[in-house]
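Here is the structure we will look at.
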Amino acid sequence: QALELMFEATKQTKEEIESVKADVIDLKDNQKLDAGEYGLVTKTIHQRVAYIRQIHGLPNTKEVNKPLYKNINNDVNTMAGIKTRTQLRQKHFNDVMEIITNWFPSQSTMYVIRQLEMDFEEGNE
């Protein structure tokens, strides 16, 4: 009977440890990004938008940047299941960095930009 009690106590301790482990992992995953990580996300987004402008020969103007930033930020937010980028958590960080690194604007965003360019060119003739 003493052995049975000891096994039961050991089993209960193991369950409690697993529960605490799960809580710690959850706390880590749901921590907000620290300033350095958030800054890296922002910097990487800026670099990606600049790269997209470069490969498409787009000017660095507010009219071009606005739809590109809107598109990339919406994609990041959708992927992470959040409303604003400030809601990013640790659990999102690696996936977000990967999506930014491989991101390309949607066809509709590029269409809007091309239309803006055509309107701008027509206005300068």
(message) Can you give me the angle between helix 35-56 and the longest principal axis of the chain, using Cα atoms only, in degrees from 0 to 90, rounded to the nearest 10?
(response) 30
(request) Using only Cα atoms, find the angle between the long axis of helix 107-123 and the longest principal axis of the chain, and express it within 0 to 90 degrees, rounded to the nearest 10. (result) 30
(request) Please build a GNM for the chain, connecting alpha carbons under 10 Å apart, and tell me which residue among Asn77, Asn30, Asn102 fluctuates the most. (result) Asn102
(message) Counting only pairs 8 or more residues apart or on different chains, how many lysine pairs in the chain have their Cα atoms under 27 Å apart?
(response) 25
(request) Under 9 Å from the Cβ of Pro59, count the other residues' Cβ atoms, weight Lys and Arg +1, Asp and Glu -1, and hand me the total. (result) -1
(message) Please report the net charge: other residues with Cβ closer than 13 Å to the Cβ of Glu8, K and R +1, D and E -1.
(response) -1
(request) Per DSSP H run of at least 4 residues, take -39500 (n - 2.57); add these up for the chain, divide by its residues and hand me the 222 nm value, nearest 500 deg cm²/dmol. (result) -26000 deg cm²/dmol
(request) Multiply the residue gap between Glu4 and Phe104 by 0.36 nm, knock off their C-alpha separation, and tell me the result in nm, one decimal place. (result) 29.8 nm
(request) Quick one: order Ser19, Ser106 by neighbouring beta-carbon count within 10 Å, fewest to most. (result) Ser19, Ser106
(request) Quote the charge dipole size of the chain about the Cα centre in Debye, to the nearest 20; the model charges only the Cβ of Lys and Arg (+1) and of Asp and Glu (-1). (result) 280
(request) For Thr84 paired with Lys14, estimate the spin-label separation in nm (one decimal), with each label point 7 Å from Cα along the Cα-to-Cβ line. (result) 4.7
(message) Between Lys28 and Asn74, how high is the FRET efficiency from 1/(1 + (r/R0)^6) when r is the Cβ-Cβ distance and R₀ = 30 Å? Nearest 0.05.
(response) 0.65
(request) May I ask for the equivalent-ellipsoid semi-axes of the chain, computed as the square root of five times each C-alpha gyration tensor eigenvalue and listed largest first in whole Å? (result) 51, 12, 10
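If each residue's Cβ is checked for other Cβ atoms within 10 Å, how do Met118, Met97 rank with the fewest at the top?
Met118, Met97
Readers should treat all values here as calculations from the given coordinates under stated rules, not as data from a laboratory. Here the structure is a predicted model, which means the values were calculated and not measured. No Cβ is skipped: glycine too gets one built from the backbone with ideal geometry, and neighbour counts run over all protein chains shown.
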